[in-house]
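K.L.:
First the structure, which I've put down as structure tokens, then a few questions once you've had a look.
The values are calculated or read from the model by the stated rules, or taken from the named source; none is laboratory data. Since the model is a prediction, treat every value here as computed from it, not as a measurement. Don't worry about glycine lacking a Cβ; one is built from the backbone with ideal geometry, like all the others, and counts go over all protein chains shown. For the accessible areas, the whole protein counts, side chains as well, though only heavy atoms, and no ligand, DNA or RNA atoms are used. Shrake-Rupley method; radii C 1.70, N 1.55, O 1.52, S 1.80 Å.
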Amino acid sequence: MVLSRAECQDLDAKDPLGEFRDEFSLPPGVVYLLGNSLGALPRRTPERVAHTVETEWGVHLGASWNTAGWWDMPQTTGDRIAPLIGARTGDVLAGDSTSVNIFKLVTAALPLRPGRRVIVSDLDNFPTDRYVVEGAARALGAYEIRDIGGGGGALEDVLGDDVALVLLSHVDYRTGAARDMAAVTERVRAAGALMIWDLCHSAGALPVRVGEADFAVGCTYKYLNGGPGAPAYLYVAPRHQDAVQNVVSGWHGHAAPFDFEPHYRPAAGVRRFATGSPPILSYAALNASLDIWERVDLDEVRAKSLALTSLFVELLDDLVDPGLGLALATPRDPERRGSQVSYRHPQGYPVVRALADRGVMGDYREPDFVRFGFAPLYLRYVDVYDAAATLAEVLGEELWRDERYARRLTVT
């Protein structure tokens, strides 16, 4: 039996994560299903950023590099992210963007496998991953990119003794399908290649365990609520940290930056992947959110995520006529998805616009994916019920046909 709205309200009253909703600023009348794109604003963030601006910068000025810990923020923030991806303290560095960190890791990893000239990428990865791999291959020269996905071959079809590196997403950005990290990593390592995981759509949505992976990268502005443009992060396995080189070798990654030596000498460990001045205001916003995440049980997050996504699928199975063109793109097996549910619809873009006008915020990805992200810290069961009912109304009454919904905005 599909749950009623009253039963959803009962679940919200018993929700062990229910207290966290009050930690976020959410507009009234909005069901926010975009946490997989930009997380909601933590209530404590404005005060934290204001303190950084008004007191640390405004009063203490340059002394705050020492007194407020500005200089060490890439490492101290990375240490706070580490438990969220199953890493040790000291193995994660926060900074730069996901794209920059992918470039750093790809170019650092390839020399560890001399004689192997193939990089495996996935056409279903978020495009920036493939774009950066292309750029790295051009910069280093003589590397072949071998693709999987996009309706083509599987990983086992392309692994060979010429493969140096594999870069894959843990959770597919369009469909929400999740890979088995441990099994894939074991397969890649058995072939003698190195493994980089993109965790952008999984960290903060489910427990992540980097395990035997060699490297990982991720962003913090989605489920981790770090804010637009928040620092990304990278992970380097301890066994590689003193062997790899950061090709973007800047002053902040030097072994002794205040010795002002004329030539680069890398810092020990993951700190060598620091490059330029840390964006202090962005770190302030991110750390305000990490204050919340330090109190969160990730197993409870996963349990609620599976319950919310399953409820959404079940409701739409019940409410939407199969002839209306809505096709589930996310795996029905809950264990094979992240915290996202995607559907395909030939008029996906105007459907998303019509939903937004009725207070339900999802988004659209080409060619026809309608995406809904489920952030368990602030999303309620009753929100899921209302979102499904609204989507059924938009489709059943063809409200998406309003001509204004066909006009494309810059960001879809």
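K.L.:
For residue 402 and residue 327, compute 0.36 nm times the residue count separating them, minus their Cα-Cα distance, and round to one decimal in nm.
P.N.:
Details: separation 75, 0.36 × 75 = 27.00 nm, distance 2.18 nm.
Between residue 402 and residue 327, full extension yields 24.8 nm more.
K.L.:
Further question: Can you list which of the DSSP-assigned H helices in the chain have a Cα extent of 30 Å or more along the long axis and an average Kyte-Doolittle score of at least 0.0?
P.N.:
298-319
K.L.:
Here's another thing I want to ask about it. Compare the Cα positions of 37, 343, 315 along the charge dipole of the chain (+1 at Cβ of Lys, Arg; -1 at Cβ of Asp, Glu; about the Cα centre) and return the one farthest towards the positive end.
P.N.:
The residue sitting most towards the positive pole is 37.
K.L.:
Against the globular-protein guess of 2.2 N^0.38 Å, express the Cα radius of gyration of region 305-390 as a ratio, rounded to two decimals.
P.N.:
Values: Rg = 12.0 Å, N = 86, 2.2 N^0.38 = 12.0 Å.
Output field value: 1.00.
K.L.:
Could I ask something else about it? Once you keep just the Cα pairs under 8 angstrom separated by 6 or more residues, what percentage relative contact order results for region 23-110?
P.N.:
16
K.L.:
Under 19 Å Cα to Cα from residue 14, which lysines show up? Leave out anything in the same chain fewer than 8 places away.
P.N.:
The qualifying lysines are 304.
K.L.:
According to the Cα gyration tensor, what semi-axes, each the square root of 5 times an eigenvalue, does the equivalent ellipsoid of the chain have, listed from largest to smallest in whole Å?
P.N.:
37, 28, 18
K.L.:
Counting only heavy atoms of the protein chains, get the accessible area per residue of region 276-412 (1.4 Å probe) and round it to a whole Å² value. Walk me through the numbers on the way to the answer.
P.N.:
Numbers: 5590 Å² over 137 residues.
Heavy-atom accessible area per residue stands at 41 Å².
K.L.:
Kindly identify region 119-243 as rounded, prolate or oblate by the Cα gyration tensor criterion: order the square roots of the eigenvalues as a ≥ b ≥ c, call it rounded if a/c is under 1.5, otherwise compare a/b with b/c, prolate if a/b is larger, else oblate. If you can, show how the numbers build up before the last one.
P.N.:
Details: a/c = 1.40, a/b = 1.35, b/c = 1.04.
Rounded.
K.L.:
Show me the ranking of peptides 377-387, 194-204 by mean Cβ neighbours inside 10 Å, starting with the highest.
P.N.:
194-204, 377-387
K.L.:
Could you bin all the Cα-Cα distances of region 150-215 into 10 Å bins starting at 0 and give me the percent of pairs in each, rounded to whole numbers?
P.N.:
Percent of pairs per bin, in order: 20, 53, 25, 1.
K.L.:
For the chain, what is the percent of antiparallel DSSP beta bridges, rounded to the nearest 5?
P.N.:
50
K.L.:
Looking at region 130-288, send over the antiparallel percent of its DSSP beta bridges, to the nearest 5.
P.N.:
Taking every DSSP beta bridge with both residues in region 130-288, the antiparallel ones total about 40 percent.
K.L.:
Oh, and also: Tell me the Kirkwood hydrodynamic radius of region 2-62 in angstroms, computed as one over the mean inverse distance between distinct C-alpha pairs.
P.N.:
Details: mean 1/r = 0.0681 Å⁻¹.
Evaluated on region 2-62, it is 14.7 Å.
K.L.:
Next up: If I stretch the segment between residue 260 and residue 247 completely, what's the gain in nm (0.36 nm per residue apart, minus their alpha carbon distance), one decimal? Write down the numbers at each step before the final one.
P.N.:
Values: separation 13, 0.36 × 13 = 4.68 nm, distance 1.90 nm.
That pair, residue 260 and residue 247, stretches by 2.8 nm at full extension.
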